[in-house]
Amino acid sequence: MTSAENTGASALETKVRAALDTVIDPELRLPLPELDMISSVELDADGNAKVGVSLTVVGCPASARIESEVRAAVSGVEGIKNVDVALGVMTPEQRKVLTTKLRAGRAARTNPFDESTLTKIFLIGSGKGGVGKSSLTANLAAALAAKGLRVGLIDADIFGFSIPGQLGVTDKPTRVDELILPPVAHGIKVISIGMFVDGNAPVAWRGPMLHRTIQQFLTDVFWGDLDILLVDLPPGTGDVAISLGQLLPTAKTVVVTTPQLAASDVAERSATVGFQTGQGVFGVIENMAWLEQADGSKLEIFGAGGGQLVADRLSAATGQTVPLLGQIGLSVALREGSDKGEPVVLGHPLDSASKVILQIAELLARDPRNLAGRRLKLQV
């Protein structure tokens, strides 16, 4: 091969590798070259390209998608006529290097959301079940991800998990050595105990097992650099709420209630757990506020004023203003979307419930990071 041919081949390989930089691993959400998943690039004079890809594990659920996207990216390079993608699997040594890189200097099984985190964390809680807390959490996560934010969602309602169904997640997490790679739905990294049980099997655990599971969701799952982490709490004031309060010292609580006074009394009690473990209260959401009638009037099926009452009581208890973030009326589209795993904010953004949820998501996104007193880990 002449010098000119060598130069041309080198330039073409540079373009091919640049194209591969655009291929993102759907589980790790990082470019394949950055993950050392591109094992080889071979080109010949006729424009044929052979790209070797090292998958993280045997049977990787994202293999078909990765192969397709690598082929498409390289095929789009001028001068490439045919593309052959050869899939392989990382060696144990390569996986060890990868997991070390993903931990970014942290020791294995450490909590990335300790007091040094820059991730904004919101615990979405309620005093009782049936107030629509999980539906709102799923839709808030989808709205935030649609804004381009890096969003994680933990379904901490171990006994009553529903987030996988709300987001249409059917994939199981992938395990790379000691790291668990969470499925991604609608741009959200999601983890739930529902991904580890068969069918609709119940979970019947006592306190220590609950604490260990929540701890694993934080320490063993690869979350990467998140802008926002939402946690769907179980209703009430039990072990999980206390554990999360201890494990997530920078979190803020968002309380979901209905207008009914009985629900608001219980919701107020659930927020006080956060006081005891050091969390602040970001605000209150009133769900099922009314049913809009054909003539535009609002039928307040569950009464009125419960959300504002909780906000006022929490303001008095904390000495700080706790706002009512929004009132969301009963919505058929919201219910149908939750049943289908299609967030209403994505499928029907003009629905009345969607509009309020999108406004609340904007408030969460704009909440400033408070760095006062934080122990930040800086690299020089």
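Only one of the listed residues (Lys15, Lys50) is in contact (Cβ under 8 Å) with a residue 60 or more places away in the chain and outside any loop (DSSP other than H, G, I, E, B). That residue is Lys15. Scanning segment 40-66 for residues that are surrounded by 15 or more Cβ atoms within 10 Å (Cβ to Cβ) and among the small types (Gly, Ala, Ser) turns up Ala49, Gly52, Ser54, Ala62, Ser63. When Leu87, Leu102 are screened for being in a helix (DSSP H, G or I) and either over 28 Å from Thr253 (Cα atoms) or not hydrophobic (A, V, I, L, M, F, W, C) (or both), only Leu102 passes. Here the condition is being surrounded by 13 or more Cβ atoms within 10 Å (Cβ to Cβ) and either at pLDDT below 95 or outside any loop (DSSP other than H, G, I, E, B) (or both); of Glu93, Glu69, it holds for Glu69 alone.
The rows are residues; the columns are (1) modelled with pLDDT under 90; (2) of a type in the set (D, E, K, R); (3) over 22 Å from Gly283 (Cα atoms).
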{"site": "Ala316", "(1), (2), (3)": "yes, no, no"}
{"site": "Val322", "(1), (2), (3)": "no, no, no"}
{"site": "Leu334", "(1), (2), (3)": "no, no, no"}
{"site": "Pro349", "(1), (2), (3)": "no, no, yes"}
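Condition check: touching a residue at least 12 places away in the same chain (Cβ under 8 Å), assigned by TED's automatic domain parsing to the domain that holds Lys252, among the aromatic types (Phe, Trp, Tyr) and touching a strand residue (DSSP E or B) at 6+ places or on another chain (Cβ under 8 Å). Does Phe113 satisfy that? Judged against the criteria, Phe113 is not a match.
So for segment 192-214 (the condition being at pLDDT 90 or above, crowded, with 20+ Cβ neighbours inside 10 Å and not in a helix (DSSP H, G or I)), does at least one residue qualify? Yes: segment 192-214 contains one or more residues that are at pLDDT 90 or above, crowded, with 20+ Cβ neighbours inside 10 Å and not in a helix (DSSP H, G or I). Within segment 111-133, can one find any residue that is surrounded by 15 or more Cβ atoms within 10 Å (Cβ to Cβ), over 25 Å from the mean Cα position of the chain (by Cα), assigned to a strand (DSSP E or B) and of a type in the set (Lys, Arg)? Checking segment 111-133: not a single residue is surrounded by 15 or more Cβ atoms within 10 Å (Cβ to Cβ), over 25 Å from the mean Cα position of the chain (by Cα), assigned to a strand (DSSP E or B) and of a type in the set (Lys, Arg). If only residues of segment 137-170 that are within 16 Å of Lys252 (Cα to Cα) and part of a helix (DSSP H, G or I) are counted, the one that is nearest to the chain's Cα centre (by Cα) is Ala141.
Conditions (1) under 11 Å from Val255 (Cβ atoms); (2) free of Cβ contacts under 8 Å to residues at least 12 places away in the same chain; (3) over 29 Å from the mean Cα position of the chain (by Cα); (4) part of a helix (DSSP H, G or I), marked per residue:
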residue	(1), (2), (3), (4)
Gly303	no, no, yes, no
Gly307	yes, no, no, yes
Ala311	yes, no, no, yes
Ala316	no, yes, yes, yes
Val322	yes, no, no, no
Leu330	no, no, no, no
Leu334	no, no, no, yes
Ser338	no, no, no, yes
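List pairs: first in segment 246-271 and over 20 Å from Leu330 (Cβ atoms), second of a type in the set (Asp, Glu), Cβ under 6 Å, 6+ apart or cross-chain? From residues that are over 20 Å from Leu330 (Cβ atoms), the pairs are Pro249/Glu115.
The values are calculated or read from the model by the stated rules, or taken from the named source; none is laboratory data. Computed from a prediction, not measured in an experiment: that's the story for all the values here. Neighbour counts are summed over all protein chains in view; Cβ atoms, including those assigned to glycine, are modelled from backbone coordinates with ideal geometry.
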